[in-house]
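The values are calculated or read from the model by the stated rules, or taken from the named source; none is laboratory data. All figures in this text were calculated on a predicted structure; none of them were measured in a lab. All Cβ positions, glycine included, derive from the backbone under ideal geometry; neighbour counts span all protein chains shown. Remember, those area values only see protein heavy atoms, side chains included, never the ligands or the DNA or RNA. Shrake-Rupley method; radii C 1.70, N 1.55, O 1.52, S 1.80 Å.
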Amino acid sequence: DLYFAIKTKSALTGCAAFLLTACVTGPNDGPAFTYSEIEVINNSVETIQSMTITVTGRVTDCGDIVALGICSERFGRRSYTQAPFVVEWTFGNKPRQTDEIEIAVPAYNAPGNPLYVELEISPEGALSASLVQKIPP
């Protein structure tokens, strides 16, 4: 019985590790994910000028985003390939900058419901990005 219990525990541990690896590896190696929206939230008191977001050749043009404003573009489902998002923008009176952002799909997301890309500008002008899954009510 002890031998069987040790073998069973070992098998279950290996299986759990495999399943976690499959979930975390992302869309290139695991399940296919889609996204259907890009949203930019300006949490600063500065205007964001001439913001564009490019991924796999597709451009989202937000133009100028007022202080505490939002830019949002919705579209049909697109495959998420974990390619970098190239964000070009000007914050306040700082020089124009280009940021290349790679966003990993969180391990707790499941294929099926689309994701949306959320870019957030902090009050200090720092850019952060995440993927959020839309869950229907």
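Given Cα pairs under 8 Å that are at least 6 residues apart, what percent is the relative contact order of region 58-137?
20 percent
Equivalent-ellipsoid semi-axes (√(5λ), Cα gyration tensor) for region 78-133, whole Å, largest first?
Square roots of five times the eigenvalues give 26, 12, 8 Å.
Mind grabbing the base-10 log of I(q)/I(0) for region 26-137 at q = 0.12, 0.14 Å⁻¹? Debye formula, identical points on the C-alpha positions, no solvent, two decimal places.
Reported log10 I(q)/I(0), two decimals: -0.41, -0.55.
Want the number for T56 to T34: 0.36 nm per residue separation, take away the alpha-carbon distance, what's left?
Full-extension gain reported as 6.6 nm.
Taking a probe of 1.4 Å, how large is the accessible area per residue of region 87-134, in Å²?
Numbers: 2470 Å² over 48 residues.
Value for region 87-134: 51 Å² per residue.
Students often get this wrong: which residues of region 64-92 have the backbone nitrogen under 15 Å from the point 7 angstrom along Cα-to-C-beta of E120?
In region 64-92, the label zone of E120 (backbone N under 15 Å from the point 7 Å along Cα→Cβ) covers 68-71.
Measure off, as a whole percent, the carbon and sulfur share of the 1.4 Å-probe accessible area of region 44-135, all protein chains present.
Carbon plus sulfur share of accessible area: 49 percent.
Applying a 10 Å radius around every beta-carbon, put 38-48, 59-69 in order of their mean neighbour count, most first.
In descending order of packing, they fall as 38-48, 59-69.
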